[in-house]
1. Considering each residue of the stretch 1-39, count those that are of a type in the set (A, V, I, L, M, F, W, C), surrounded by fewer than 20 Cβ atoms within 10 Å (Cβ to Cβ) and more than 19 Å from ILE164 (Cβ to Cβ), and give that number.
2. Only one of (1) of a type in the set (Gly, Ala, Ser); (2) free of Cβ contacts under 8 Å to residues at least 60 places away in the same chain; (3) closer than 30 Å to GLY123 by Cα; (4) not in a loop (DSSP other than H, G, I, E, B) is not met by GLY86, so which one is it?
3. Would you pick out the residues in the stretch 179-196 that are within 18 Å of the chain's Cα centre (by Cα), outside any helix (DSSP H, G or I) and not small (Gly, Ala, Ser)?
4. Please indicate, with yes or no, whether at least one residue in the stretch 141-149 is among the aromatic types (Phe, Trp, Tyr), in a helix (DSSP H, G or I), closer than 27 Å to ILE205 by Cα and under 17 Å from the mean Cα position of the chain (by Cα).
5. Output yes when any residue across the stretch 63-79 is of a type in the set (Lys, Arg) and assigned to a loop (DSSP other than H, G, I, E, B), and no when none is.
6. Could you grab me the full set of residues in the stretch 7-28 that are out of contact with any helix residue (DSSP H, G or I) (no Cβ under 9 Å at 6 or more places or on another chain) and more than 17 Å from PRO45 (Cβ to Cβ)?
Amino acid sequence: MTTALRIKVCGMRDRENIAQIAALSPDMMGFIFYAKSPRFVGECPDDKIFALPRPIEKVAVFVNEDADKISGICERYGFGTVQLHGDESPEFCDRIRKRGLKVIKALGVQTADDIARIEAYIGHADMVLLDTKTPERGGSGEKFDWNILSLAPAGIPIIVSGGISPSDVQSLRKLSGKNLRAVDINSRFETSPALKDTSKVAEFIKEIRR
């Protein structure tokens, strides 16, 4: 592996826990603005929880949200990147990008047909995040078959998500040549929803970057 995979820690909410994880220097940190998620940051979150060290890319996660609300939240809390985790079209991604925001388009995957959907977002999103397909829009703690990543089209960087655990480092290293640029960790690193086990995250980051 010539370049270490970037690491995104998603589903953050607790101020003290955020500070602990930020001290480990992940590349990205995700905050969920979706009320049905157990990791929802709330309607009017304390803006101090978003005060991260500059190298960490802040990602605001939305599900089928109104474009004006997305841009308003991003402006209020200083987000430059959004993750669209619903049924957003390539055209909707274009609208968000025209507002000066970087777009990560999440796609639920289970089969090769789901992988083929990536093609539609090339040129319309900056990255695609592949998560295990669930009715709950992710957060299941379950993996999809990573072998189907070999079918992904070239032309857009991929973040892999869904059920990644501390024991998956070696398997992820083997996938690094398949257009994979980052990994998204969440529920398998938690002691409870939105509360990450700092020691597990620290060990994972150390091993991925070794």
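1. 4
2. It fails just one condition, (4).
3. ASN179, LEU180, ARG181, VAL183, ASP184, ILE185, ASN186, GLU190, PRO193, LEU195, LYS196, listed by residue number.
4. Yes, because at least one residue in the stretch 141-149 is among the aromatic types (Phe, Trp, Tyr), in a helix (DSSP H, G or I), closer than 27 Å to ILE205 by Cα and under 17 Å from the mean Cα position of the chain (by Cα).
5. no
6. Selection gives LYS8, ASP27, MET28.
Just so you know, all these numbers are worked out from the coordinates, no wet-lab data involved. Given the structure is predicted, the values throughout are model-derived calculations rather than measurements. Every residue, glycine among them, receives a Cβ derived from its backbone with ideal geometry; neighbour counts consider all protein chains shown.
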